[in-house]
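Asks: Next up is a structure, given as C-alpha cells.
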Ligand code: PLP
C-alpha cells in the first residue's frame, strides 16, 4: 500500500462524502441545476455583510495592510475585541491572551485536542454530532464516544455522566447544533457543569468541556446560554464561517476560560499545535474581521427558510423538531433505513444527508443554506417520497 495503513479506512470513509458531491454534480448536469434540490451541504449561501466588503476595500487601500506572517496567537486588536465579546456572551472576564486565532473552528478543534488529549483517551460528545468530529479524534489517536440526547435532541447530562470514564479527557458539545438545530438550555448546561465537576473529582483528573459554537449568532428567538460561566474548565471554539458567511476564508478561534485548570499551559500548547502542527489563521481576514466584529449575515433569511421547510415537512407528514438555531433540520426517516430513504429522495432529485453520518441512523439532515426557490420547488418531491415510503410497507 503506498499510503499509511491507518489512512486506508479514512480515505474510504471520505469517499462516501465525495461520492455524494459527485452524484449531486452529475444530477445537476443531467437535469439542470434548477431541477435538483441540493440540501446536502452546510455551505452558507448568504452574502457576507456589506461592512465586510467595505472593510476589505478599505484595507486594500490602506498603508497599514500587512501580508506578513501573523503573530503566532493572532492579530492583537482582533483578540482584544473578541475578549470583550466573549465576556458578554459567556458572563466571565475573558482575556485576549487566552484567545488563539485559528483556521476556522475545525483548526481550533484540532489544536485544542492536540493540546489536551493523549493517544488512547476519549472525547465524549452527545449524538447526533457534526461529522468532522470523528476525523479530529482520529488525528490525535483518541476514541470518539457518544452519549444519547433526549427526544428533542437536547442535552441529557445524566446520559453524559453515565458515558464518562477515567479515560475521558474532553466532553465536546455543539450548540446551536449541527445537524439538529437544538440549542442546549441554561439548565442543561448548568447540570452538565455539575456533572463534570463531580466526575473530575471522582476520577482525580480534570475533564475539560469544549464548546463548539460556530452557529452562536444564528438563532430564531432562543437564547444561547453562557457556557464558561457554568463550568470554568471550558474552552470555547468559534468561527466566522457562518456568522459572516466566510466559510472558504477559514477564520476562527479558541478561547480558554482564564480560571480553567492549567489555563496558561493549555493556551501555550494549543497555540504551539496551531502554529506548528496545523497552520496559522489567514492574516488579511484577521485584519478585516477586527474591523467588523458584531456585523452578521441576515439571520431572518434562515428563519424564513426554516419556517417554509417546516410547513412543507409537516404537510407531508414527517416527524421533526423545529430547529431553534443553525440552518439544519433533522427529521425522522419515514422508514428505519435512513440511507435507503435518502435514495428515495434522490429519485425525486432531492439531496440530503443520512442520519448515520451524524452518528444517528433513522434520521436525515436537510441544510437550508439554499435559496428559497429550491425549498419551494422541492415540496412535491418531499410529499411523494413520504407517500412512497408509506406505500412501501416498511414505514414506521
Ligand atoms: N463545527 C461544526 C458543528 C460545524 O458545523 C462546522 C462546519 O460546518 C465546523 C465545526 C467547522 O467550521 P469551520 O468552517 O469554521 O472550520
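The values are calculated or read from the model by the stated rules, or taken from the named source; none is laboratory data. Quick caveat: nothing in here was measured; it's all calculated off a predicted structure. When we count neighbours, we look across all protein chains shown, and the Cβ atoms used for this are built from the backbone with ideal geometry, even at glycine.
Asks: Please determine whether any residue of segment 71-89 is assigned to a strand (DSSP E or B), within 16 Å of the ligand (Cβ to nearest atom) and outside the structural domain of residue 330 (by TED's automatic domain parsing).
Replies: Looking through segment 71-89, none of the residues is assigned to a strand (DSSP E or B), within 16 Å of the ligand (Cβ to nearest atom) and outside the structural domain of residue 330 (by TED's automatic domain parsing).
Asks: Right, another one. Given the criteria at pLDDT 95 or above and under 25 Å from residue 299 (Cβ atoms), does residue 161 qualify? Talk me through it step by step, then tell me what you get.
Replies: Details: at pLDDT 95 or above: yes; under 25 Å from residue 299 (Cβ atoms): no.
In short, no.
Asks: Then there is this: Assess whether residue 44 counts as being under 28 Å from residue 226 (Cα atoms), within 16 Å of the ligand (Cβ to nearest atom) and assigned to a loop (DSSP other than H, G, I, E, B).
Replies: Yes.
Asks: Suppose we keep only residues that are away from the ligand (no atom under 11 Å from the Cβ) and part of a loop (DSSP other than H, G, I, E, B) within segment 232-244. Which one would you say is farthest from residue 169 (Cα to Cα)?
Replies: Per the criteria, the residue is 232.
Asks: Let me ask you something else. Of all residues being assigned to a helix (DSSP H, G or I) and more than 9 Å from the ligand (Cβ to nearest atom) in segment 100-115, which is surrounded by the fewest Cβ atoms within 10 Å (Cβ to Cβ)? Just the residue, please. Let's see the steps before the verdict.
Replies: Narrowing segment 100-115 to residues assigned to a helix (DSSP H, G or I): 104-115.
From what's left, more than 9 Å from the ligand (Cβ to nearest atom): 110-115.
Working: 110: 25, 111: 28, 112: 29, 113: 23, 114: 19, 115: 24.
Among residues in segment 100-115 that are assigned to a helix (DSSP H, G or I) and more than 9 Å from the ligand (Cβ to nearest atom), the one surrounded by the fewest Cβ atoms within 10 Å (Cβ to Cβ) is 114.
Asks: Inspect all residues belonging to segment 17-27 and state whether any of them is within 22 Å of the chain's Cα centre (by Cα), surrounded by 13 or more Cβ atoms within 10 Å (Cβ to Cβ) and more than 27 Å from residue 274 (Cβ to Cβ).
Replies: yes
Asks: Can I ask one more? Name the residue, out of 234, 217, that is in the same structural domain as residue 198 (by TED's automatic domain parsing) and closer than 19 Å to residue 182 by Cα.
Replies: 217
Asks: Mind checking which residues of segment 192-216 are more than 13 Å from the ligand (Cβ to nearest atom), under 27 Å from residue 82 (Cα atoms) and crowded, with 19+ Cβ neighbours inside 10 Å?
Replies: 192, 193, 196, 207, 208, 209
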